[in-house]
Amino acid sequence: MNHFLDIHTTDKSDLRGMIDQARTMKDARAGRPKGAPDDELPLDGRMVALIFEKPSTRTRVSFDVGVRQMGGQTMVLSGQDMQLGHGETIADTARVLSRYVDMIMIRTFDEDVLYEMSEYASVPVINGLTDRTHPCQIMADILTFEEHRGSIAGKKVVWMGDGNNVFASFLHAAQQFDFSLTFCGPQQLDPDREFVDMAREAGVDFTIQRDPWKGVDGADLVVADTWVSMHDAQSSRERRHNLLRAYQVNDRLMEAAGKDALFMHCLPAHREEEVTSSVMDGPQSVIFDEAENRLHAQKAVMRWCLGA
Ligand code: CP
Ligand code: NVA
């Protein structure tokens, strides 16, 4: 049994195995209705709990569909509707759920909740996003990049904007998939020092660049995310927008990156804020492949967790 909590704490060859398996499983389903089962049913008879303490469209639907395609069943639970949201401890919740279900995916605020859940659960726990990380997203992003451009090793990935949870998982992935990573954003929204130090100690080719035009030079992939994450106070919105406006991904910036650079965004996007519609809907954008690949990548993650 394996927990999937973070990319940097997961074995490098296992991560590569998941990406390759995701691609094989995706290819095998080509042209099939989304509700049709896979040829193999590795989750046959398994029950998976999907817990959400924050909103979600992609994570919720892609996990639910993925489990069903592999022959399992799901229950989607809102944290607020569980006793968890009303004082029951994480440890007790983890032990109780482990008596009913074969795997738990949780989207939560504090990373400690995820880690405590994994400590007390006797079934695999998957990180469906915390305030600090979003590893399932980055697995889908690696799969997407490699479908379009081949191996990501040695490529230049450029992040535009807030040094947030999705960026942190990119930093973790740079170490495991051997790509170079440039952070372009204001100092006030720099990524977590602990993650940066960890990446540098691991030998990641990591650069902080305040000038977006210099940052995108030679980029193979440009990535943006919302300027105000779900865990950020709405009162910080104006300040964040003011700090981040210079880092909007628009046609001029993509032109500076070069015509072969891809554009990604984990979605949901705020059109005309962190990215313009012309980029999102333009020829360099692979955002909907990226969204689709949440499904395929997570199916491989779930099989790895269960050894199935
Ligand atoms: N990218 C992502 O995790 O989307 P949702 O918030 O819709 O799940
Ligand atoms: N950084 C965003 C990602 C959403 C999928 C957030 O945490 O809200």
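Data table
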item: Test set (1) out of contact with any Leu (no Cβ under 9 Å at 6 or more places or on another chain); (2) within 16 Å of ligand 1 (Cβ to nearest atom); (3) open to solvent by 10 Å² or more (accessible area, probe 1.4 Å); (4) not in a loop (DSSP other than H, G, I, E, B) - Ile138 fails condition number; result: (3)
item: Sole residue being away from ligand 2 (no atom under 16 Å from the Cβ), closer than 17 Å to Val301 by Cβ and out of contact with any His (no Cβ under 6 Å at 6 or more places or on another chain), chosen from Leu129, Leu114, Leu143; result: Leu143
item: Residues of region 38-69 satisfying the condition of being assigned to a loop (DSSP other than H, G, I, E, B), more than 21 Å from the chain's Cα centre (by Cα) and surrounded by 15 or more Cβ atoms within 10 Å (Cβ to Cβ); result: Asp38, Pro42, Leu43, Arg46
item: Every pair of residues 6+ apart whose Cβ atoms lie under 7 Å, when the first sits in region 157-183 and is on the phi > 0 side of the Ramachandran plot while the second is part of a helix (DSSP H, G or I); result: Gly161/Leu244; Gly161/Tyr247
item: From the options Ala94, Ala153, residue that is open to solvent by less than 20 Å² (accessible area, probe 1.4 Å) and out of contact with any Cys (no Cβ under 8 Å at 6 or more places or on another chain); result: Ala94
item: Residue count, region 113-135 (criterion: open to solvent by less than 10 Å² (accessible area, probe 1.4 Å), touching a residue at least 60 places away in the same chain (Cβ under 8 Å), away from ligand 1 (no atom under 16 Å from the Cβ) and not in a loop (DSSP other than H, G, I, E, B)); result: 1
item: Residue selected from region 184-206 under the condition in a loop (DSSP other than H, G, I, E, B) and touching a residue at least 40 places away in the same chain (Cβ under 8 Å), by the criterion nearest to the chain's Cα centre (by Cα); result: Asp192
item: Meets criteria (at pLDDT 95 or above and in a loop (DSSP other than H, G, I, E, B)) for Asp162; result: yes
item: Asp81 modelled with pLDDT under 95 and open to solvent by 10 Å² or more (accessible area, probe 1.4 Å); result: yes
item: Test: residue in region 279-296 that is within 23 Å of Gln187 (Cα to Cα) and either open to solvent by less than 10 Å² (accessible area, probe 1.4 Å) or out of contact with any strand residue (DSSP E or B) (no Cβ under 9 Å at 6 or more places or on another chain) (or both); result: no
item: Condition met for Ile106 (under 28 Å from His296 (Cβ atoms) and in a helix (DSSP H, G or I)); result: no
item: Number of positions in region 205-234 that are farther than 23 Å from Ser277 by Cβ and within 16 Å of ligand 2 (Cβ to nearest atom); result: 4
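The values are calculated or read from the model by the stated rules, or taken from the named source; none is laboratory data. On a predicted model such as this, the values are computed, not experimentally measured, just so you know. Positions of Cβ are generated from backbone atoms using ideal geometry, with glycine treated the same way; all protein chains shown enter the neighbour counts. Surface areas here come from the heavy atoms of the whole protein model, side chains and all, with no ligands, DNA or RNA. Shrake-Rupley method; radii C 1.70, N 1.55, O 1.52, S 1.80 Å.
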